[in-house]
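These notes concern the structure reproduced below.
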Amino acid sequence: MGITQFMTLGRHIIEEQSKYAGATGELSKLLHDLSLAAKVISLEVNKAGLVDIIGYTGDNNVHGEQVKKLDMLAHDMLIKAMDHGGHLCVMASEEEEDIIQIPHKFNIGKYVLLFDPLDGSSNIDANISIGTIFSIYRRVSKGDGPGTMDDCLQPGINQVAAGYVVYGSSTMLVYTAGSGVHGFTLDPAFGEFLLSHPNIQTPRKSKIYSINEGNYLYWHPGLKKYIKYCQEIDNETMRPYTSRYIGSLVSDFHRNLLKGGVFLYPENEKAPKGKLRLVYECNPIAFIAIQAGGRASDGYRSILEIKPTTLHQRSPFYAGSDNMVKKIEEYLSLYH
Ligand code: AFP
């Protein structure tokens, strides 16, 4: 798909918003602020090979992993871009243990923003695509004071918008506000996100599976059987499927969204809940997958139905083409 019309992200958001009677424009402004942060992060990611920015800060994040400078830079950038717009009552970031309050000097709004500032950051040094993921909810706490932990621990089904930015061979922002999935490519000359992928529907015929096969011995027996199924020969279902795995969720999911396929991060004996974080990674990607005609599940139920109990909880995750995710669910329940 190429750029078919000169539709900027800003104009698209406003036109989408005008379809909803009673919309105040707050969500549009919020998405606009997010796109500004994405442009700045994109510039920094592109500069990573040139300046002394790659490397570890020396700190550990809340998961005990070493934090890289760009992760923290993206985290700070998002907070700086989003804390003063007057649209948010609270934020949470994968890089911070607790919720992030809006400073007292700024107005408090009705929305909640959860984000993973730079996903796949262990790939930065190798110049591999990485991404930012975001998820937006309406506040559930009463009043117009600061937001609470309950505002951040909503099931994914309550999301009003979600999206990601992939910093790849070009920078793309993909979002949904509940009426389709739309992709915008950043034009570096104009500094504008231009509509390049309107109304993305993931292909129904799909043959890519994306999983870290190094964990094979630790998998659930049903999953081992499913991967064998992917590798069998069968013309009707286009098997054997093709294996593609970058190790960067946004990039793996984005490729599969456009080409058709499934991304898998299962539980395993070493990680009984899998690796990915429910509120920062699984929920927003699930919302996009479903809006694009796909499916997202923890193997047994829709990801969006899970009520989070902690900010950083993990979940097994299967997302992509509907038929492939359904097949995984079938194998997981058949073989224990
Ligand atoms: P990093 O941010 O540490 O690179 O982790 C990326 C990630 O959360 C997700 O983007 C990948 O899909 C997944 O982890 C890769 O995990 P494995 O290295 O275990 O395959």
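Just to be sure, is LEU173 more than 15 Å from GLY320 (Cα to Cα), more than 16 Å from the ligand (Cβ to nearest atom) and in contact (Cβ under 8 Å) with a residue 12 or more places away in the chain?
yes
Those residues that are within 16 Å of the ligand (Cβ to nearest atom) and either in contact with a Lys or Arg (Cβ under 9 Å, 6 or more places away or on another chain) or more than 13 Å from ILE79 (Cα to Cα) (or both), I need them from segment 108-123; list them, please.
ASP116, LEU118, ASP119, GLY120, SER121, SER122, ASN123
So, of the residues in segment 247-268 that are in a loop (DSSP other than H, G, I, E, B) and crowded, with 20+ Cβ neighbours inside 10 Å, which turns out to be nearest to the ligand (Cβ to nearest atom)?
Checking each candidate, the answer is SER248.
Name the one entry in LYS80, LYS69 that is more than 20 Å from ILE303 (Cα to Cα), loosely packed, with under 15 Cβ neighbours inside 10 Å and not small (Gly, Ala, Ser).
LYS80
How about segment 125-141: which of its residues are modelled with pLDDT under 95 and either open to solvent by less than 20 Å² (accessible area, probe 1.4 Å) or away from the ligand (no atom under 13 Å from the Cβ) (or both)?
If the condition is that a residue be modelled with pLDDT under 95 and either open to solvent by less than 20 Å² (accessible area, probe 1.4 Å) or away from the ligand (no atom under 13 Å from the Cβ) (or both), then ASN127 is the only one that fits.
So, TYR167, is that one within 25 Å of VAL262 (Cα to Cα), hydroxyl-bearing (Ser, Thr, Tyr) and in contact (Cβ under 8 Å) with a residue 12 or more places away in the chain or not?
Yes; evaluated as a whole, the condition is true for this residue.
Which residues, taken from segment 291-314, are crowded, with 19+ Cβ neighbours inside 10 Å, outside any strand (DSSP E or B) and charged (D, E, K, R)?
The answer is ASP298, and nothing else.
Just need a number here: residues in segment 5-23 that are over 14 Å from GLY180 (Cα atoms) and either exposed (fewer than 12 other Cβ atoms within 10 Å of the Cβ) or touching a residue at least 12 places away in the same chain (Cβ under 8 Å) (or both).
Matching residues across segment 5-23 total 10.
On the basis of being crowded, with 21+ Cβ neighbours inside 10 Å and within 16 Å of the ligand (Cβ to nearest atom), does ALA271 make the cut?
no
Can you tell me which residues in segment 279-295 are out of contact with any Gly (no Cβ under 8 Å at 6 or more places or on another chain) and within 13 Å of the ligand (Cβ to nearest atom)?
TYR280, GLU281, ILE285
Which condition does ALA92 not pass, out of (1) in a loop (DSSP other than H, G, I, E, B); (2) modelled with pLDDT of 95 or more, if it passes all the others?
For ALA92, the failing item is (1).
Between residues in segment 199-218 that are within 14 Å of the ligand (Cβ to nearest atom) and residues that are open to solvent by 70 Å² or more (accessible area, probe 1.4 Å), which pairs lie under 7 Å by C-beta distance while being six or more apart or on different chains?
Short answer, once both residue conditions are applied: SER210/ARG244; SER210/TYR245; ILE211/TYR245; ASN212/TYR245; TYR218/GLU269; TYR218/LYS270.
Among the residues that make up segment 104-111, is at least one of them crowded, with 22+ Cβ neighbours inside 10 Å and hydrophobic (A, V, I, L, M, F, W, C)?
no
The values are calculated or read from the model by the stated rules, or taken from the named source; none is laboratory data. What you see is a predicted model; the values in this text were computed from it and never measured. Every residue, glycine as well, gets a Cβ built from its backbone with ideal geometry; the counts of neighbours run over all protein chains shown. The area values use the complete protein model at the heavy-atom level, side chains included, leaving out ligands, DNA and RNA. Shrake-Rupley method; radii C 1.70, N 1.55, O 1.52, S 1.80 Å.
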